[in-house]
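Only one structure is covered here, and it is reproduced in the block below.
The values are calculated or read from the model by the stated rules, or taken from the named source; none is laboratory data. Bear in mind the structure is a predicted one, so any value in this text is a computation, not a measurement. Heads up, the Cβs are rebuilt from the backbone with ideal geometry, glycines too, and the neighbour counts pull from every protein chain shown. Side chains included, ligands, DNA and RNA excluded: accessible areas come from the protein's heavy atoms. Shrake-Rupley method; radii C 1.70, N 1.55, O 1.52, S 1.80 Å.
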Amino acid sequence: MSDDRQVALVTGAARGIGKAIAVRLARDGLDVVLCDLLEAEMAETKRELESLGSETLTFNCDVTDSAKVDAMVKEAEQHYGRLDVLVNNAGITRDKLLMRMSDDDWGKVLAVNLTSVFNCTRSVIRGMVSRRRGRVISISSVIGLMGNVGQANYGASKAGIIGFSRSVAREVASRGVTVNVIAPGYIDTPMTQNLPEKAKEQLFNMIPMKRLGRPEDIANVVAFLVSDDAGYITGQVINVNGGIYM
Ligand code: NDP
């Protein structure tokens, strides 16, 4: 790795939005570290990134486990000498009406979607602050802003990311580290492909642009936030949703 190549860590990077982000960053000349639980898909993504010139490490790391996250970050920092960018993307849904929601439905979603953001950001922030350079970007959701029936756990976790990020943004702003959030609308990925046809049709009708988003629509905004052009942007929530929430 040459000294001037930046290094990004992307969680949930094996498929969907995380994969599109990893591919875009590799295309833009970054080395990308992949973290996911899906081994086979992650190996495929790694091959794709390497063909784009990225030196890529993969970690089968559960982002809810802070000890494993710390070990992953330590190994990546030792290997590359730095981590410049963290993209907190791993996320899950366990949709149910509140009256039927179990402790496990609540706890799992909060752990994967919100505690993971704490684990990963805490782990990378010391290095970024000491190097006076860094970008932390977390993938929230339109549901964290407007709520949704059956998604009290998901909505709470995604709203939590926003409060967390604005607090950390204030802590590290004077040290050259920016912390921002992207709130996607409905994006065509395995997460939404499982929705019933009727729900998909209703959704479609609610979106002013009359199409689901593409993973690349989110990756484009990540690429901008990583760039020098976005150096004066911090503590912001950027909506990428085809107009479904304005
Ligand atoms: P996908 O389910 O396609 O991808 C998420 C990835 O995260 C999967 O590969 C998943 O692996 C991985 N992951 C889940 N749990 C963990 C964990 N504990 N540790 C490490 N990796 C994990 O989802 P999307 O690409 O659609 O979503 C990406 C992000 O964007 C999520 O945070 C989601 O909430 C958010 N988002 C998505 C929207 C959409 O419409 N698709 C809309 C708004 C926000 P595995 O399958 O093994 O769990």
Does at least one position in region 88-108 carry a residue that is under 19 Å from the mean Cα position of the chain (by Cα) and farther than 23 Å from Ile21 by Cα?
-> yes
Contact list, first residue from region 139-157 and of a type in the set (Phe, Trp, Tyr), second anywhere and in a loop (DSSP other than H, G, I, E, B) and within 11 Å of the ligand (Cβ to nearest atom), beta-carbon distance below 9 Å, six or more apart or interchain, is Tyr154/Gly91; Tyr154/Ile92; Tyr154/Thr93; Tyr154/Ser141; Tyr154/Asn148
Just wondering, is there one or more residues in region 99-120 that are under 19 Å from Leu25 (Cα atoms) and either surrounded by 15 or more Cβ atoms within 10 Å (Cβ to Cβ) or not β-branched (Val, Ile, Thr) (or both)?
-> yes
Test Ala22 against the stated conditions and say whether it is surrounded by fewer than 24 Cβ atoms within 10 Å (Cβ to Cβ) and assigned to a helix (DSSP H, G or I).
-> no
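Condition (residue is more than 16 Å from the ligand (Cβ to nearest atom), without any contact (Cβ under 8 Å) to a residue 24 or more places away in the chain and open to solvent by 40 Å² or more (accessible area, probe 1.4 Å)) applied to region 25-33: is it met by at least one residue?
Checked region 25-33: no residue is more than 16 Å from the ligand (Cβ to nearest atom), without any contact (Cβ under 8 Å) to a residue 24 or more places away in the chain and open to solvent by 40 Å² or more (accessible area, probe 1.4 Å).
Quick grid of which residues meet (1) touching a residue at least 40 places away in the same chain (Cβ under 8 Å); (2) hydroxyl-bearing (Ser, Thr, Tyr); (3) over 30 Å from Ser130 (Cα atoms):
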{"position": "Gly163", "(1), (2), (3)": "no, no, no"}
{"position": "Asp188", "(1), (2), (3)": "no, no, yes"}
{"position": "Ile207", "(1), (2), (3)": "no, no, yes"}
{"position": "Gly213", "(1), (2), (3)": "no, no, yes"}
{"position": "Val226", "(1), (2), (3)": "yes, no, no"}
{"position": "Asn239", "(1), (2), (3)": "yes, no, yes"}
Of all residues making up region 34-50, the number that are open to solvent by 10 Å² or more (accessible area, probe 1.4 Å) and either within 10 Å of the ligand (Cβ to nearest atom) or polar (S, T, N, Q) (or both) | 5
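This table checks each residue for (1) assigned to a strand (DSSP E or B); (2) under 19 Å from Gly107 (Cα atoms); (3) modelled with pLDDT of 95 or more.
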residue	(1), (2), (3)
Lys158	no, yes, yes
Gly163	no, yes, yes
Arg166	no, no, yes
Arg170	no, no, yes
Ser174	no, no, yes
Thr192	no, no, no
Leu195	no, no, no
Lys198	no, no, no
Any idea which residue in region 140-154 is surrounded by the fewest Cβ atoms within 10 Å (Cβ to Cβ), counting only those that are more than 11 Å from the ligand (Cβ to nearest atom) and closer than 19 Å to Ile207 by Cβ?
-> Val149
Spot the failing condition for Asn205; the list is (1) part of a helix (DSSP H, G or I); (2) more than 11 Å from the ligand (Cβ to nearest atom); (3) surrounded by 14 or more Cβ atoms within 10 Å (Cβ to Cβ); (4) not hydrophobic (A, V, I, L, M, F, W, C), and only one is missed.
-> (3)
Output for region 208-235, where each listed residue is part of a loop (DSSP other than H, G, I, E, B) and either more than 11 Å from the ligand (Cβ to nearest atom) or open to solvent by 90 Å² or more (accessible area, probe 1.4 Å) (or both) | Pro208, Met209, Lys210, Arg211, Arg214, Ser227, Gly231, Tyr232, Ile233, Thr234, Gly235
Residue among Arg170, Arg132 that is in contact with a Lys or Arg (Cβ under 8 Å, 6 or more places away or on another chain) and open to solvent by 40 Å² or more (accessible area, probe 1.4 Å) = Arg132
